[in-house]
Amino acid sequence: MAGLPPLLKRKKDYFGVGAIDFGGSAVVHMVGGITALIGAIIMGPRYNRFDSEGKPNSMIQQSSSFQTIGTFILWFGWYGFNCGSTLTLLESSADVAGKVAVTTTIGGISGGIASTILGRICDPYLDLAPTNNGILAGLVSITAGCAVVDVGYAAFIGVIGGLLCNGFSALLLKFHIDDVVDASPVHFACGTWGTIAAGLFATPSNVKMSYDTGSCGLFYKCNGNGPKQFAANLVVALAVIAWAGGISIIMFLILKKVNLLRVNRETEVVGLDIMDHGGSAYEYLPPQTDKSKRQSVVLTNELETLGRK
């Protein structure tokens with residue numbers, strides 16, 4: 001790199017080893033997740049999301065079938081995302097890409113199973129939403145270390161990701177933060193966990209094959225580089241929170257100040273599909289369970305109230 005300008009030359013690696021974020025748990029998912037969290041906090045909850053006592057109300061959801069199809073599309077794309085981070089299939093990179101495909105699969109499956117079980121324990125209904133989010137949580141969690149952890153740890157990382165996603169989502173509701181699609185639990189919480197996990201469970205042989213360095217995670221021995229690797233990954237996670245979070249605060253506050261952050265109350269209640277696009281995207285009627293009946297009554301009351309105004 002001798003011919004590059006000084007600002008473009010490679011600086012010294014963090015702690016002499018550099019951070020491990022193979023597919024982007026930090027630089028992709030944490031950035032998007034912290035942005036979603038800041039946006040949800042500054043925007044505030046949806047109308048009638050919480051009752052007078054501060055307890056969350058059930059909101060009308062859209063198609064679970066479409067949600068599931070979307071999850072599988074994302075999962076399929078993850079193989080290009082993670083395996084493609086090798087940038088080539090020449091020499092040992094093909095072996096790395098194959099290993100990444102396996103750990104990515106294991107991470108997603110483990111997160112989905114863990115989240116499904118926890119969701120069933122906490123809710124009398126077997127809902128697809130925790131399963132879909134759990135799969136994505138596991139995928140996000142394994143993304144940083146997909147090339148450097150063994151299969152067993154890939155399953156463990158995915159399980160923790162699925163549980164963490166559910167826990168963080170519940171915590172947001174406790175603080176009256178309305179993250180509609182659980183973007184911050186999936187991407188921020190699990191992205192942070194995945195970045196830290198890579199600094200814990202990276203094996204010396206996998207790091208050597210993927211990065212051609214002598215580093216490893218905190219739980220392994222590699223000439224004293226384990227603590228350095230963990231510290232480097234921790235610094236990267238904190239840096240992303242500070243940089244992306246700071247920029248997001250400025251951006252969302254400006255949008256709120258100029259009244260471009262949120263639609264008006266009528267549009268929010270009726271829906272953007274009808275108000276902005278001239279019709280509903282979903283014409284079918286959901287099964288009339290007690291839960292959906294309560295949601296329909298709430299929506300009807302809101303529309304009548306707006307009509308009187």
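The values are calculated or read from the model by the stated rules, or taken from the named source; none is laboratory data. From a predicted model like this one, the values you see are computed outputs, not experimental measurements. FYI the Cβ positions are ideal-geometry reconstructions off the backbone, even for glycines, and counts take in every protein chain you see. Surface accessibility is based on the protein's heavy atoms, side chains included, excluding ligands, DNA and RNA. Shrake-Rupley method; radii C 1.70, N 1.55, O 1.52, S 1.80 Å.
Kindly indicate the residue of the range 199-214 that is in a loop (DSSP other than H, G, I, E, B) and at pLDDT 95 or above and also surrounded by the most Cβ atoms within 10 Å (Cβ to Cβ) among those meeting that condition.
Among them, the one singled out is Ala202.
For the range 108-129, give me each residue that is free of Cβ contacts under 8 Å to residues at least 40 places away in the same chain, more than 21 Å from Phe72 (Cα to Cα) and of a type in the set (A, V, I, L, M, F, W, C).
Listed by number, the list holds a single entry, Ile121.
Gly107 fails exactly one of the following numbered conditions: (1) over 23 Å from Val28 (Cβ atoms); (2) not in a loop (DSSP other than H, G, I, E, B). What is the number of that condition?
If we test Gly107 against (1) over 23 Å from Val28 (Cβ atoms); (2) not in a loop (DSSP other than H, G, I, E, B), just (1) comes out false.
If Ile196 satisfies all but one of (1) of a type in the set (A, V, I, L, M, F, W, C); (2) under 23 Å from Gly152 (Cβ atoms); (3) open to solvent by less than 40 Å² (accessible area, probe 1.4 Å); (4) not in a loop (DSSP other than H, G, I, E, B), what's the number of the condition it fails?
The number of the failed condition is (3).
Suppose we filter Val181, Val148 for residues that are part of a loop (DSSP other than H, G, I, E, B) and either touching a strand residue (DSSP E or B) at 6+ places or on another chain (Cβ under 8 Å) or modelled with pLDDT under 95 (or both); which single one remains?
When all the criteria are applied, what remains is Val181.
Does any residue of the range 138-145 turn out to be outside any helix (DSSP H, G or I), open to solvent by less than 10 Å² (accessible area, probe 1.4 Å), within 14 Å of Ser210 (Cβ to Cβ) and in contact (Cβ under 8 Å) with a residue 24 or more places away in the chain?
Yes, some residue in the range 138-145 is outside any helix (DSSP H, G or I), open to solvent by less than 10 Å² (accessible area, probe 1.4 Å), within 14 Å of Ser210 (Cβ to Cβ) and in contact (Cβ under 8 Å) with a residue 24 or more places away in the chain.
Looking only at the range 119-137, how many residues end up being hydrophobic (A, V, I, L, M, F, W, C), modelled with pLDDT of 95 or more and open to solvent by 10 Å² or more (accessible area, probe 1.4 Å)?
Count: 2.
Given (1) free of Cβ contacts under 8 Å to residues at least 60 places away in the same chain; (2) surrounded by 15 or more Cβ atoms within 10 Å (Cβ to Cβ), identify the lone condition not met by Glu91.
Unmet for Glu91, out of (1) free of Cβ contacts under 8 Å to residues at least 60 places away in the same chain; (2) surrounded by 15 or more Cβ atoms within 10 Å (Cβ to Cβ): (2).
Can you tell me how many residues in the range 47-88 are open to solvent by less than 50 Å² (accessible area, probe 1.4 Å), farther than 22 Å from Leu172 by Cα and aromatic (Phe, Trp, Tyr)?
Number of matching residues: 2.
Considering only residues that are open to solvent by 20 Å² or more (accessible area, probe 1.4 Å) and more than 23 Å from Thr203 (Cα to Cα), which ones fall in the range 94-114?
The answer is Ile113, and nothing else.
Given the options Ser141, Ser169, name the one that is in contact with a Pro (Cβ under 6 Å, 6 or more places away or on another chain) and small (Gly, Ala, Ser).
That would be Ser169, the only listed residue that is in contact with a Pro (Cβ under 6 Å, 6 or more places away or on another chain) and small (Gly, Ala, Ser).
Given the conditions (1) open to solvent by 60 Å² or more (accessible area, probe 1.4 Å); (2) under 18 Å from Gly18 (Cα atoms); (3) assigned to a loop (DSSP other than H, G, I, E, B), and given that Leu238 satisfies all but one, which numbered condition is not satisfied?
Exception for Leu238: condition (3).
Kindly check whether there is at least one residue in the range 157-170 that is surrounded by fewer than 24 Cβ atoms within 10 Å (Cβ to Cβ) and in a loop (DSSP other than H, G, I, E, B).
Within the range 157-170 (the criterion being surrounded by fewer than 24 Cβ atoms within 10 Å (Cβ to Cβ) and in a loop (DSSP other than H, G, I, E, B)), the answer is no, since none of the residues qualifies.
Looking at the range 263-272 only, could you name the residues that are within 28 Å of the chain's Cα centre (by Cα) and either surrounded by 15 or more Cβ atoms within 10 Å (Cβ to Cβ) or farther than 25 Å from Ile38 by Cα (or both)?
Glu268, Val269, Gly271 - these are the residues of the range 263-272 that are within 28 Å of the chain's Cα centre (by Cα) and either surrounded by 15 or more Cβ atoms within 10 Å (Cβ to Cβ) or farther than 25 Å from Ile38 by Cα (or both).
Would you call Gly226 farther than 22 Å from Gly84 by Cα, open to solvent by less than 50 Å² (accessible area, probe 1.4 Å) and free of Cβ contacts under 8 Å to residues at least 24 places away in the same chain?
So Gly226 fits the description; yes.
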